[in-house]
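The values are calculated or read from the model by the stated rules, or taken from the named source; none is laboratory data. Just so you know, these numbers come straight off a predicted model, no measurement behind them. Cβ sites come from the backbone with ideal geometry, for glycine too, and all protein chains shown count toward neighbours.
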Amino acid sequence: MIKTWIHSLKIFSAGFRLSYRETVEFGLSSLLSVVSNLAYVFLFLMFWNILLQRVAEVPGWSLGEMAIYLAFAEFFHAVVGGIGDYAIKAYVYIISGRFDTILTRPADPRMMLIVLGTNLSNLIRSIPSVVVLLIVAVRLGVHINAFGIFMGLLASTVAAIALILVYFTGSFISFWIGSTKFVEEIAQSLESLTKYPLTILGNTLRLVFTLLIPIGFAATEPALSSLSKTNPWIMIVGALFLLSLWVLINEIVWRKGKSIYESNGG
């Protein structure tokens, strides 16, 4: 098991280097991607400015605090998009029989799919946006807790990994029922929830999307931690608990699904 994971990590490292070279090779495209992402962030911040000033208040959130929230949301999407693109599409490999090409290799098939989906440009294009949003927050007079920022980034990374495991788990249902395109559509809906603080949903839904589905730890809890409104240690413990839960669920579904896999057609 240990040798398999070491081999998997070496493959991931190789895939990461290849993605880096691709990003450098197409430098202009990467630069334009950074600019377009900055434009998107600017427009979304304008939307919140209009909403907060002319339409309605969002309890507990000023424009500067929303900038902090959006910074974490950008970071979360960058991690998910950077290494998790193929997780939600794993069902395509299963129902088409292409899964055989990675199942017979010594590395964990899930790691192989992560390597195939590694896209470093998604990570790179979001870094300037995150930095700009943090600067905007400071300029708007928001006091940022540096330790809370660090712990928030850690929690957001853990949440991204947990969401990738959720995607894998949803895809692995295809071992029993065939295409799980509907899971991909649900996943996209879940990710859209990170555009808004979960505090607006009420306590019940906030708990569901925080302790069962890794959406709360994507941006809401990290932002609150950075603003010294929650305890960062409790946040990290909660994020690690959620990750452990989905590691277990994913492993169970993966093992049971793999045991009934019959090659072409799932």
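Give Ile213, Ile114, Ile135, Ile124 a once-over and let me know the one that is at pLDDT 85 or above, surrounded by 14 or more Cβ atoms within 10 Å (Cβ to Cβ), out of contact with any strand residue (DSSP E or B) (no Cβ under 8 Å at 6 or more places or on another chain) and among the aliphatic types (A, V, I, L, M). Even if it seems obvious, please write down each step before you answer.
Values: Ile114 fails: at pLDDT 85 or above; Ile135 fails: surrounded by 14 or more Cβ atoms within 10 Å (Cβ to Cβ); Ile124 fails: at pLDDT 85 or above.
After applying the criteria, what remains is Ile213.
Looking at Leu224, Leu242, can you tell me which residue is free of Cβ contacts under 8 Å to residues at least 40 places away in the same chain, at negative phi and in a helix (DSSP H, G or I)?
So the residue among Leu224, Leu242 that is free of Cβ contacts under 8 Å to residues at least 40 places away in the same chain, at negative phi and in a helix (DSSP H, G or I) is Leu224.
For Arg206, all conditions in the list (1) in contact with a helix residue (DSSP H, G or I) (Cβ under 6 Å, 6 or more places away or on another chain); (2) in contact (Cβ under 8 Å) with a residue 40 or more places away in the chain hold save one; what is the number of the exception?
Unmet for Arg206, out of (1) in contact with a helix residue (DSSP H, G or I) (Cβ under 6 Å, 6 or more places away or on another chain); (2) in contact (Cβ under 8 Å) with a residue 40 or more places away in the chain: (2).
Restricting to the stretch 138-156, and then to whatever is of a type in the set (A, V, I, L, M) and part of a helix (DSSP H, G or I), can you tell me which residue is nearest to Glu65 (Cα to Cα)?
Looking at the filtered set, the residue picked out is Val138.
Which of the residues belonging to the stretch 143-163 are modelled with pLDDT under 90 and either of a type in the set (A, V, I, L, M) or crowded, with 24+ Cβ neighbours inside 10 Å (or both)?
Matches in the stretch 143-163: Ile144, Ala146.
Taking the stated definitions as given, is Arg139 of a type in the set (Lys, Arg), over 23 Å from the mean Cα position of the chain (by Cα) and closer than 30 Å to Ile173 by Cβ?
no
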